[in-house]
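Visitor: Please find one structure pasted underneath; my questions will follow.
Nothing in this text is a laboratory measurement; each read-out follows from the coordinates by a stated rule. Keep in mind that what you see is a predicted model, and the values were worked out from it rather than measured. Counting neighbours? That spans all protein chains shown, and the Cβs are built from the backbone with ideal geometry, glycine included.
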Amino acid sequence: MIPTNKTVEIYYLVDEFLKEYDAVIKSHSLEEGAPKKRRNRKFTMSGSEVMTILILFHFSSFRDLKHFYLFVRSHMKSDFPHTVSYNRFVELERKVCIPLAVFLK
């Protein structure tokens, strides 16, 4: 198991990166004329938390993400207090795929 201080350190680095990444993306994106109404579901886990869990998974000895995520939900409750279901986590994983690739590069 990864110590809590390492988890916090990884989370801090990821969170700072995502703040800069979002600012750069927002400055380079085009504005739409009339915004469409979209249903954006609110979630309790931030992108930083999702990316941190994915990075921790790659450092762990688990073979699949589902078992690792279930481990995080039960044993790392103090580090990640607002975890979502595994199905919702997989949906959130799609939103951080590109930023995660840029961060790891």
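Visitor: At 222 nm, what value in deg cm²/dmol follows for the chain if DSSP H runs of at least 4 each add -39500 (n - 2.57) and the sum is divided by all its residues, to the nearest 500? Display every interim value, and only then the final one.
Guide: Details: 5 runs with 67 residues, N = 105.
Here the helix-only value at 222 nm equals -20500 deg cm²/dmol.
Visitor: In addition: Using a simple charge model, +1 on the beta-carbon of Lys and Arg, -1 on the beta-carbon of Asp and Glu, nothing else, what dipole does the chain show about its Cα centre, in debye to the nearest 20?
Guide: Values: 17 positive and 12 negative charges, 116 e Å.
Computed about the Cα centre, the dipole is about 560 debye.
Visitor: Go through (1) 14.3, 53; (2) 27.4, 100; (3) 15.1, 49 and flag the label whose value is the computed Rg and Dmax of the Cα atoms in Å for this structure.
Guide: Computing Rg and Dmax of the Cα atoms in Å and matching it to (1) 14.3, 53; (2) 27.4, 100; (3) 15.1, 49 gives (3).
Visitor: Aspartates and glutamates near residue 19 by alpha-carbon distance under 16 Å, same-chain residues fewer than 8 away left out - which ones?
Guide: 9, 49
Visitor: Take peptides 86-98, 45-57 and line them up by average Cβ neighbours within 10 Å, highest first, as a rough protection proxy. All intermediate terms of the calculation are to be shown ahead of the outcome.
Guide: Working: 86-98: 14.2, 45-57: 20.9.
Peptide ranking by packing, descending: 45-57, 86-98.
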